[in-house]
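S.K.: Just dropping this structure here.
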Amino acid sequence: MALFIVTIGYKGQLASESPLWRHEIHAESVEEAYRIGKAQFEAERPDLANEPVSIEAASGYVEK
């Protein structure tokens, strides 16, 4: 299990510079963190669910 920081911003801009949404997610892989983050963002921000966004998922640390 790893901790990922998932950041979502407007497409064409670095999500980390002007984030619309940022959350820490525990997941098995970066792909899983991306899927969880995308679903959670769409649930929390339905007004932006259809907007073109970029999603970044960066690894924090690994728990053993």
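S.K.: Restricting to strands (runs of 3 or more DSSP E) lying wholly in the chain: which have 3 or more residues that are modelled with pLDDT of 90 or more and open to solvent by 90 Å² or more (accessible area, probe 1.4 Å)?
M.R.: Strands (runs of 3 or more DSSP E) meeting the threshold: 19-27.
S.K.: Go through the range 1-37 residue by residue and tally those that are basic (Lys, Arg), more than 14 Å from Ala58 (Cβ to Cβ) and free of Cβ contacts under 8 Å to residues at least 24 places away in the same chain.
M.R.: So the count comes out to 1.
The values are calculated or read from the model by the stated rules, or taken from the named source; none is laboratory data. Please read all numbers here as calculations on a predicted model, not as lab measurements. Glycine also receives a Cβ, built like all others from the backbone with ideal geometry; neighbour counts cover every protein chain displayed. Side chains are part of the model used for accessible areas, which takes the heavy atoms of the whole protein and leaves out ligands, DNA and RNA. Shrake-Rupley method; radii C 1.70, N 1.55, O 1.52, S 1.80 Å.
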